[in-house]
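J.: Take this structure, written in structure tokens, and hold onto it; I'll ask about it next.
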Amino acid sequence: MLRTSLIRAAPRASIVRSLPAVQQQRQAHAISSPTLANIEKRWEGMPPQEQADLWMALRDRMKVNWGELTVQEKKAAYYIAFGAHGPRALPPPGEGWKVAGYTALGVAVSFALFVAIRMGAKGTPGTMNKEYQEATNEYLKNQNSDPISGISSEGYKGKGMVQSAPKKA
């Protein structure tokens, strides 16, 4: 089985070795000045294919000695790589105010919803009055609850469960 796979692979290897090596040649000619003129203002409006073609041409130019690049080519390459376009574009004017306005609107709607829910709610529960909470304190003392540091401990001076005002009549 191993021998048959080696025999099959042998002719292919000789074919691959017999192919001449293709050497890549670069054409490093300067990109025309009208193409690069005012690239900062034109870049966003250019079709994507034209942007890609220009970037590829600049990339090929940058593979040669950078001393041979023109000033316009260097500026264009820098702008395309690091310029204020795409995700690095400056926000449109007034965007901060728009964000603040929508945030304020969200807070106002939330507050209105909170008030509407509170207006439709019933009164406080029966357990939220001083008398009920004092009765809870007595129950906890009778049960000897938390005898080390709590309400049932010796010398306890806290309020216990009392946290509400007296019951309204």
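The values are calculated or read from the model by the stated rules, or taken from the named source; none is laboratory data. All values reported here derive from a predicted model rather than from experimental measurement. As a convention, Cβ positions derive from the backbone with ideal geometry for all residues, glycine included, and neighbour counts pool all protein chains shown. With ligands, DNA and RNA removed, areas are computed over all heavy atoms of the protein, side chains included. Shrake-Rupley method; radii C 1.70, N 1.55, O 1.52, S 1.80 Å.
J.: Going by what's in this entry, would residue 120 be described as of a type in the set (Gly, Ala, Ser), open to solvent by less than 100 Å² (accessible area, probe 1.4 Å), out of contact with any strand residue (DSSP E or B) (no Cβ under 8 Å at 6 or more places or on another chain) and on the phi < 0 side of the Ramachandran plot?
T.: Numbers: of a type in the set (Gly, Ala, Ser): yes; open to solvent by less than 100 Å² (accessible area, probe 1.4 Å): yes; out of contact with any strand residue (DSSP E or B) (no Cβ under 8 Å at 6 or more places or on another chain): yes; on the phi < 0 side of the Ramachandran plot: yes.
It is true that residue 120 is of a type in the set (Gly, Ala, Ser), open to solvent by less than 100 Å² (accessible area, probe 1.4 Å), out of contact with any strand residue (DSSP E or B) (no Cβ under 8 Å at 6 or more places or on another chain) and on the phi < 0 side of the Ramachandran plot.
J.: Quick one: which helices (runs of 4 or more DSSP H) lie wholly within the stretch 46-130 and hold at least 1 residues that are in contact (Cβ under 8 Å) with a residue 40 or more places away in the chain and not acidic (Asp, Glu)? Please lay out each step first, then the result.
T.: On the way: elements: 48-62, 71-82, 95-120.
Ranges flagged: 71-82.
J.: Collect the residues in the stretch 28-45 that are surrounded by 13 or more Cβ atoms within 10 Å (Cβ to Cβ) and outside any loop (DSSP other than H, G, I, E, B), keeping them in residue-number order.
T.: Once the filter is applied, which keeps residues that are surrounded by 13 or more Cβ atoms within 10 Å (Cβ to Cβ) and outside any loop (DSSP other than H, G, I, E, B), the stretch 28-45 yields 35, 36, 39, 40, 42, 43.
J.: Has the stretch 81-101 got at least one residue that is in contact with a Lys or Arg (Cβ under 8 Å, 6 or more places away or on another chain), open to solvent by 70 Å² or more (accessible area, probe 1.4 Å) and not acidic (Asp, Glu)?
T.: So the first thing to find is which residues in the stretch 81-101 are in contact with a Lys or Arg (Cβ under 8 Å, 6 or more places away or on another chain), and the list is 82.
Next cut, open to solvent by 70 Å² or more (accessible area, probe 1.4 Å) only: 82.
After this cut, where a residue has to be not acidic (Asp, Glu) as well, the list is 82.
Yes: one or more hits.
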